[in-house]
Amino acid sequence: METERKQEKKEKIPRQAMPEQDPARRIKNFDEVPLGYSPETAVKEARRCIQCKKPGCIAGCPVEVQIPKFIREIAAGDFLAAARTLKETNSLPAVCGRVCPQEDQCEKECVLGKKGEPVAIGRLERFAADYERAQGEVSVPPVAPPNGKRVAVIGAGPSGLTIAGDLAKLGYEVTVFEALHKAGGVLIYGIPEFRLPKAIVEAEVAYLEKLGVKIVLNTVIGRLKTVDDLFAEGFHAVYVAVGAGAPVFMNIPGENLSGIYSANEYLTRSNLMKAYRFPEYDTPIIRGRNVAVVGGGNVAMDAVRTALRLGAQNAYIIYRRSEKEMPARIEEVHHAREEGVKFLLLTNPVEYLGDDGGWVRGVRCIRMELGEPDASGRRSPIPVPGSEFVIDVDTVVVAVGTMANPIVPATTPGLETNRRGYIVTLDEWGRTTRENVYAGGDIVTGSATVILAMGAGRKAAAAIHKKLGS
Amino acid sequence: MSPNYVITQKQNLSETVVRMEIRAPEIAKRRRAGQFVVLKIDEKGERIPLTIVDSDAEAGTITIIFQVVGKTTARMAEEMGVGDAFEVVQGPLGRPTEIENFGRVVCVGGGVGVGVIYPITKALKEAGNEVVSIIGARTKDLVILEDEMAAVSDRLIVCTDDGSYGFHGFVSVVLEDLIASGERIDRVFAIGPVPMMKVVAEVTRPAGIPTIVSLNPIMVDATGMCGACRVSVGGRTRFACVDGPEFDGHEVDFDLLTKRLRMYCEQEAEAYERHRCGWHGN
């Protein structure tokens with residue numbers, strides 16, 4: 001009787017909203033949009049969790065965070081304990097709480113979601129991690145004594161940082177080689193400040209360094225040294241996590257006009273190089289008045305919302321399918337719409353028009369309609385004859401995907417890749433066709449999510465430990 | 001953590017051209033002719049690509065030569081000296097020059113491009129080629145690396161646009177005369193301002209002489225990630241940072257390169273008023 005009443009009461013608490021910066025204000029700054037839960041709201045939200053005996057949420061998480069446990073700790077007001085629980089399995093909780101697609105993972109499996117709204121697991125994760133960081137006392141878990149084994153990690157993105165943390169805790173001497181001048185990979189160069197503050201990434205990297213991970217910047221493996229050189233230097237295993245960093249263009253006329261960027265370039269200038277603070281920072285970026293972003297994924301949303309913050313009067317998304325097929329998270333599309341982004345759906349660019357100086361001045365588009373489902377299961381877009389029209393633009397960002405960067409595979413004999421250039425793994429543990437070379441993240445799967453790349457890092461850490469740890 | 005990229009030597013080659021040696025032991029060991037580094041001065045600095053002119057593996061240093069063209073290079077020339085360090089020296093980047101014994105080669109360098117052609121000339125000479133070098137500058141004071149080039153060439157012709165030193169005229173005119181004289185030329189390497197490379201490619205095209213040019217478009221990451229440096233070669237889009245920086249001069253769309261190089265003129269002028277852009281976009 002008592003439990004039933006309690007349960008009833010719990011289900012009546014609605015899913016707690018997270019306060020956000022007002023759209024009119026936030027498009028004038030690069031500060032984070034969602035503002036996070038207060039402790040009171042977090043406890044209230046945590047109390048919605050019914051602590052299932054067989055929790056579906058854990059199974060929905062690529063790194064199997066002990067979700068009911070950390071939520072129980074939040075409900076009890078022990079926020080630091082919750083942060084510790086998170087970090088047992090997830091070395092980047094403040095990041096994942098922000099950028100994971102929880103609606104497709106843990107929250108999708110939440111039993112409360114069957115009838116109503118699932119527990120806001122992502123928001124709670126973010127809260128616990130932020131709380132711990134704000135306390136200034138980031139706990140460092142016990143690290144096993146050094147086991148004398150050295151592991152080289154290529155790429156300091158989500159996958160590389162995860163394996164580095166896991167192996168460091170197990171007593172390995174881990175060195176992460178990063179091509180750029182800051183660690184974090186896509187978390188630093190790709191995802192904008194307003195969605196993932198860089199201070200958070202820096203704090204997560206500092207935490208790994210506390211665990212004993214050595215991070216060597218400005219080092220392009222395949223150029224400065226090869227994978228074979230790393231073995232010759234005494235590393236016992238190498239983990240390749242270089243991402244899918246090469247931009248895809250559409251190869252349509254006019255694509256090399258000035259003012260046309262890949263999403264990688266546009267976001268790297270703004271995020272990594274802080275071009276949005278030009279001229280305080282030296283790297284420039286074109287502050288377009290009429291900006292078109294081609295694509296419908298999260299990267300496209302990041303780019304178009306960056307364009308608004310750089311002062312665009314008209315910021316368009318040009319996407320060849322309908323909103324239903326958009327790969328971007330619903331939340332990101334919602335944020336973009338709130339901020340005034342104009343969506344040109346079922347539309348595809350066919351040509352860019354330039355002026356005498358070589359600057360883009362317009363994009364010729366064609367209307368599309370949806371035909372039969374293609375290999376991806378999505379209905380394939382078909383051009384509508386005679387439906388072409390031109391929109392005036394002075395800046396374009398092409399965000400139609402990325403592909404494998406060939407530098408590491410091309411300089412590592414015996415490391416097999418598939419026909420699209422991604423590294424072939426022999427099993428789910430990241431083993432490759434080269435002995436003691438493991439791979440994971442986007443360089444194996446093609447562009448996917450932060451958390452999947454982290455999951456691959458965890459598995460490879462376990463595999464390397466099984467191989468070298470005894 | 002990153003190594004300490006300290007300047008170990010600095011020398012003015014002319015009023016606007018500076019040579020620097022920087023500590024970067026691993027790069028010094030590894031680099032080959034034709035490769036470049038990306039430099040960044042400090043936290044707020046931009047990333048700029050510069051060719052590695054020379055290296056000393058034993059001393060652990062690399063040499064760069066640059067001309068003051070904007071805020072970053074001006075800061076390097078005016079504010080940085082021996083003992084100061086760069087935040088970033090990343091490299092070696094790009095594909096090395098394809099070096100073999102071609103027979104008789106002509107190396108053409110213009111302006112600060114002489115610094116870029118020097119390591120290639122040296123490597124070609126070491127590979128057994130007969131090397132004819134033609135270097136040029138606007139005026140006598142801007143001629144750089146004359147002695148160094150002479151040391152790695154069988155014959156060196158120096159030109160100035162104003163006739164203040166050596167041959168009075170463009171490097172391309174000397175090359176044209178050389179071709180007209182019937183001398184056998186197996187390959188031409190041309191590095192300098194875009195108009196110079198374009199003209200050289202036009203001069204060698206009728207004679208069918210393979211001509212390699214080195215392109216220096218705007219770059220950001222310089223590892224193939226961003227596509228800022230895309231150039232059109234033979235109608236195909238290539239990334240200069242990973243597919244180049246050297247390409248077949250007869251296939252390069254130099255006009256596109258010129259336009260793309262002007263993309264940030266306004267911003268660069270804003271960042272550094274003295275920057276001479278020569279063109280103002282709208």
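Figures for the structure shown
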| quantity | calculated |
| --- | --- |
| Cα-based shape type of the stretch A:20-174, given that a ≥ b ≥ c are square roots of the gyration tensor eigenvalues and the cut on a/c is 1.5 | prolate |
| Loss of accessible area when B meets A, both sides summed, Å² nearest 100, probe 1.4 Å | 4200 Å² |
| Net charge over other residues, Cβ less than 12 angstrom from the Cβ of B:M196 (K, R count +1; D, E count -1) | 0 |
| Rounded if a/c under 1.5, otherwise prolate or oblate - the protein assembly as shown, Cα gyration tensor axes | prolate |
| Solvent-accessible heavy-atom area per residue, rounded to whole Å², over the stretch B:97-214 at 1.4 Å | 40 Å² |
| Simple Cβ-charge dipole of the stretch B:78-223, Lys/Arg +1 and Asp/Glu -1, about Cα centre, in debye nearest 20 | 560 debye |
| Residues with amide H under 5 Å from that of B:T211, placed H, sequence gap 5 or more | B:V188, B:G249, B:H250 |
| Cβ-Cβ FRET estimate between A:A144 and B:R32, R0 fixed at 41 Å, reported to 0.05 | 0.45 |
| Cα lying deepest toward the dipole's positive end in the stretch A:96-139, options A:G136, A:P118, A:C96, charges on Cβ | A:P118 |
| The stretch B:215-282 - convex hull of the alpha-carbon atoms, volume per residue in Å³ | 99 Å³ |
| Long pairs among A:K53/A:K87; A:K54/A:K466; A:K87/A:K214; A:K114/A:K324; A:K44/A:K115, criterion Cα-Cα beyond 25 Å | A:K54/A:K466 |
| Number of partner chain Cβ atoms within 10 Å, mean per residue of A:351-362 | 2 |
| Amide H contacts under 5 Å for A:L353, placed H, 5+ residues apart | A:R361, A:G362, A:V363, A:R364 |
| Listed peptides B:230-243, B:45-58, A:253-266 by packing density, highest first (mean Cβ within 10 Å) | A:253-266, B:45-58, B:230-243 |
| Accessible area of the stretch B:97-214 belonging to carbon and sulfur atoms, whole % at 1.4 Å probe | 51 percent |
| Estimated [θ] at 222 nm from DSSP helical runs (n ≥ 4, -39500 (n - 2.57)) normalised by residues in chain B, nearest 500 | -7500 deg cm²/dmol |
| Value of relative contact order over chain B, rounded to a whole percent, pairs C-alpha under 8 Å and six or more apart | 16 percent |
| Other protein chain Cβ atoms within 10 Å, averaged over every residue that makes up B:223-236 | 6 |
| Computed over chain A: relative contact order in percent, which uses C-alpha pairs under 8 Å that are six or more apart | 15 percent |
| Positive minus negative residues near B:S172 (Lys, Arg vs Asp, Glu; Cβ under 15 Å) | -1 |
| Relative contact order, percent, the stretch B:125-212 [alpha-carbon distance under 8 Å, six or more residues apart] | 22 percent |
| Expected-Rg normalisation [2.2 N^0.38 Å, Cα atoms] applied to chain B | 0.96 |
| 13 Å beta-carbon shell around A:Y37, net charge (K/R +1, D/E -1) | +2 |
| Solvent-accessible area per residue for the stretch B:3-93 (1.4 angstrom probe, square angstrom) | 38 Å² |
| Estimated 222 nm signal from helices in chain A, with DSSP H stretches of n ≥ 4 weighted -39500 (n - 2.57), rounded to 500 | -9500 deg cm²/dmol |
| Shielding by partners, peptide A:274-285 (average Cβ within 10 angstrom, other chains) | 5 |
| Estimated dipole of the stretch B:3-93 in Debye, rounded to 20 [Cβ of Lys and Arg +1, of Asp and Glu -1, Cα centre] | 300 debye |
| Derived scalar couplings ³J(HN,Hα) [the stretch A:355-370; Karplus, 6.51 cos²θ - 1.76 cosθ + 1.60; whole Hz; x for Gly, Pro] | 9, 5, x, x, 8, 5, 10, x, 10, 8, 10, 10, 6, 10, 10, 8 |
| Chain A: DSSP helices with Cα axial extent of at least 24 Å and average Kyte-Doolittle hydropathy no lower than 0.0 | A:450-468 |
| Cα-centre dipole for the protein assembly as shown with unit charges at Cβ (Lys and Arg positive, Asp and Glu negative), debye to 20 | 2460 debye |
| Mean Cβ count within 10 Å, highest first, over the residues of peptides B:201-207, A:185-191, A:347-353 | A:185-191, A:347-353, B:201-207 |
| The stretch B:97-214 shape via C-alpha gyration tensor axes, a/c threshold 1.5 | oblate |
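The values are calculated or read from the model by the stated rules, or taken from the named source; none is laboratory data. Source: prediction; values computed, not measured. Note that each Cβ is placed from the backbone with ideal geometry, even for glycine, and that neighbours are counted across all protein chains shown. What goes into the accessible areas is simple: the full protein's heavy atoms, side chains included, and nothing from ligands, DNA or RNA. Shrake-Rupley method; radii C 1.70, N 1.55, O 1.52, S 1.80 Å.
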